[in-house]
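The values are calculated or read from the model by the stated rules, or taken from the named source; none is laboratory data. Predicted, not measured: the structure shown is a model, and the values here were computed from it. Don't worry about glycine lacking a Cβ; one is built from the backbone with ideal geometry, like all the others, and counts go over all protein chains shown.
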Amino acid sequence: MIKSFFLFSVGLISFIFSEAQPDRWQQRVKYNMNIDMDVVTNKFTGKQRLEYSNNSPDKLTKVFYHLYFNAFQPNSSMDVRSRELGKTMIGGRPDWDGRVRDRILNLKEDEIGYQKIRSLKMNGVPQPFTYHETILEVNLTQPILPKAKVVFEMEFEAQVPLQVRRSGRDNPNTGVRYSMSQWYPKICEYDYEGWHPTPYIAREFYGVWGDFDVTISIDKSYKIGGTGVLMNANEIGWGYDKPGSELKDISAPKRSWHFVGSNVHDFVWAADPDFKHLVRKVTNGPTLHVIYNYKPNNEGNDKAWETVGDAAVTVLPYIERTFGKYPYPQYSFIQGGDGGMEYPMATLINGPSLGTVFHEWMHSWYQMMLGTNESLYPWMDEGFTSYAEDLVSKFYYKRSALQEYRDTLAAHPDNKNLKDLVEHVLPEDHSGSYNSYFRLTQTDKEEPLTTHSDHYNTNFAYSIASYSKGEVFLEQLGYIVGAGVRDKILLAYYDKWKFKHPNANDFVKLAQDVSGIQLDWYKEYWVNTTKTINYGIDSLWEENGVSKIRLKRTGQMPMPVDLQLTFKDGTSELHYIPLNLMFGGKQNENPAQPFIVHEEWRWTHPVYIVEFKHKLSDLSKAEIDPSRRMADVERKNNYLELNW
């Protein structure tokens with residue numbers, strides 16, 4: 001039954017993949033790996049057969065592989081970069097990643113990580129190769145011609161490092177023995193821009209979609225969760241064959257776990273003898289696995305991990321309605337790693353926090369299926385995922401993010417700064433990201449979103465830019481084109497670009513097509529620069545019986561403007577001023593309120609005068625951007641309350 005379901009799913013995913021390729025070629029891979037793990041020495045050997053399809057129009061004279069474990073050696077690029085960033089103090093703290101710090105420098109010989117290539121052949125012919133720390137360069141004896149397919153056969157050995165960043169062994173915080181991410185020699189991506197042999201310094205990843213067939217031989221007491229479907233579930237037991245079953249006893253010292261994943265661009269697994277396995281089945285949907293380190297006599301820990309599975313079942317229908325169908329047959333939430341890190345059909349999370357659970361699962365959409373180059377567009381990965389996480393959390397908890405701030409204010413009613421933040425600064429949703437972005441703009445650390453993720457000058461700026469400013473990009477897009485149109489854009493983005501590695505231009509072009517609004521200016525300002533938005537109410541007067549309000553732009557980034565006027569009788573109306581660069585405008589988002597469209601505001605002009613029909617003395621309040629979705633860095637001048 002499992003095999004039949006899996007084969008059907010493979011066929012479905014392959015069909016989706018083939019249908020998604022009319023516009024842009026992609027390389028294709030097919031991995032077959034056999035791994036033999038020694039849990040005493042923490043070393044393993046591997047045999048890898050890689051079928052590589054060159055679907056490009058180019059002749060390839062070399063290929064590159066990632067050797068991620070080589071980063072975990074003293075004086076590696078990751079080590080030195082971390083220690084150099086640690087010399088910068090931000091808020092009284094070193095700017096390094098607290099999980100890395102200077103730990104790599106202090107690893108002993110049996111604690112470091114490495115990947116060594118014993119042999120490498122292409123179509124049976126040995127190939128010369130050169131190590132560049134975490135990148136293996138292979139100068140081919142014969143080129144790979146356009147539209148040709150070759151087979152690489154590799155034998156390698158590796159040592160699992162102590163847990164430092166993402167992958168590793170013996171994490172004292174989780175008790176998990178092996179978190180096996182970035183664990184195998186992985187061929188680099190070649191796309192329309194050429195090769196991407198990105199050294200492993202700190203950040204995210206970019207990979208080739210394909211099929212993985214992985215067999216792991218390990219001590220028989222160990223239990224494994226990972227990417228793909230377990231093909232020999234009947235031999236393993238432990239909940240894979242049927243919920244609640246025990247790990248089957250065998251006489252051999254090692255057992256083999258056989259996983260297969262289709263149309264994925266990476267493969268992760270984790271192993272521990274104390275893992276516990278929970279299973280949840282979504283009706284007409286995937287099987288969900290929750291795998292965590294069991295703690296005797298700790299019912300709270302069990303309950304928290306059970307909630308992970310139950311919450312995932314609850315939110316999946318909402319996720320699919322909002323962001324697109326989940327196409328894979330399974331997903332695994334696995335305790336491991338050093339925080340939360342996403343992989344195809346699985347995530348490593350260090351604990352059962354639902355915020356982390358929702359975030360990492362949403363990476364299945366904004367990375368595992370859409371697959372942007374995370375090194376070049378981390379904001380399209382982390383930012384879009386953070387945006388989705390916020391909505392999923394709100395759906396699950398039935399409360400907005402802003403409610404958290406309101407609850408805090410209720411407990412601290414005398415906190416004037418917090419009161420001002422809640423009443424006049426933060427939007428209803430995504431408030432945490434807006435707040436972080438505002439904090440970044442008040443420093444000299446901000447860099448454009450076009451900055452390569454490894455080349456930000458500070459971790460501080462990278463984190464806020466990629467997560468927060470990327471999240472604000474989507475919510476603010478809803479302000480520009482209308483929230484309902486933005487929602488249609490996200491579904492259209494999924495439909496058109498899943499399994500195709502879209503970039504920023506691809507997203508903006510699609511958003512223009514769906515909205516009918518020109519948006520190249522938005523990307524130019526928000527992504528390519530650090531210019532900020534700042535609008536204010538300058539003055540108001542009555543002239544020849546006509547009431548007028550002058551608005552002023554003091555920031556360098558132009559935007560369309562919503563101006564809400566509220567009158568003494570309690571009525572209100574929204575005055576909408578499109579930006580001339582848009583060549584269009586949004587529709588009324590609130591039919592219950594009058595929506596008055598004005599002549600476009602030319603971006604070259606710093607002031608704009610709005611006329612309205614009521615008497616000036618009838619006006620009680622005026623506010624620019626009442627929805628607070630525009631990331632105006634100084635909202636105090638957006639709001640005017642009149643006491644005539």
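For the reader, a short list of remarks on this structure follows.
- Selected residue (criterion: surrounded by the most Cβ atoms within 10 Å (Cβ to Cβ)) from residues of the stretch 289-324 that are in contact (Cβ under 8 Å) with a residue 40 or more places away in the chain, in contact with a strand residue (DSSP E or B) (Cβ under 7 Å, 6 or more places away or on another chain) and aliphatic (A, V, I, L, M): Ile291
- Between Ala465, Ala483, Ala511, Ala461, the distinction of being within 22 Å of the chain's Cα centre (by Cα), under 30 Å from Gly210 (Cα atoms) and not hydroxyl-bearing (Ser, Thr, Tyr) belongs to Ala511 only.
- Strands (runs of 3 or more DSSP E) enclosed by the stretch 597-641 - at least 2 residues per element that are under 30 Å from Gln518 (Cβ atoms) and more than 33 Å from the chain's Cα centre (by Cα): 607-612, 619-624
- Residue check for Ser119: on the phi < 0 side of the Ramachandran plot, part of a helix (DSSP H, G or I) and small (Gly, Ala, Ser): no
- Considering Asn534, Asn544, the condition of being modelled with pLDDT under 95 and out of contact with any Pro (no Cβ under 7 Å at 6 or more places or on another chain) is satisfied by Asn544 alone.
- Summed over the stretch 376-396, residues that are more than 15 Å from Glu204 (Cα to Cα) and either not hydroxyl-bearing (Ser, Thr, Tyr) or not in a helix (DSSP H, G or I) (or both) total 7.
- Considering residues of the stretch 611-632 that are hydroxyl-bearing (Ser, Thr, Tyr) and crowded, with 17+ Cβ neighbours inside 10 Å only, the residue farthest from Lys568 (Cα to Cα): Ser627
- Tabulated pairs, the stretch 475-504, first within 19 Å of Ser433 (Cα to Cα), second of a type in the set (A, V, I, L, M, F, W, C), C-beta under 6 angstrom, 6+ apart or interchain: Gln476/Ala631; Tyr479/Met630; Arg486/Leu477
- Strands (runs of 3 or more DSSP E) (entirely within the stretch 124-233) containing at least 1 residues that are surrounded by fewer than 19 Cβ atoms within 10 Å (Cβ to Cβ) and free of Cβ contacts under 8 Å to residues at least 60 places away in the same chain: 129-132, 135-144
- Flag for Lys469 being charged (D, E, K, R), crowded, with 18+ Cβ neighbours inside 10 Å, out of contact with any helix residue (DSSP H, G or I) (no Cβ under 7 Å at 6 or more places or on another chain) and farther than 18 Å from Arg321 by Cβ: no
- All positions within the stretch 414-440 that are over 19 Å from Met630 (Cβ atoms) and either modelled with pLDDT under 80 or in contact with a helix residue (DSSP H, G or I) (Cβ under 8 Å, 6 or more places away or on another chain) (or both): Asn415, Lys416, Asn417, Leu418, Lys419
- Qualifying residue in the stretch 228-249 (condition: touching a Gly at 6+ places or on another chain (Cβ under 9 Å) and either modelled with pLDDT under 95 or under 26 Å from Glu374 (Cβ atoms) (or both)): yes
- When restricted to residues that are touching a Gly at 6+ places or on another chain (Cβ under 7 Å) and of a type in the set (Val, Ile, Thr), the stretch 175-213 contains 1.
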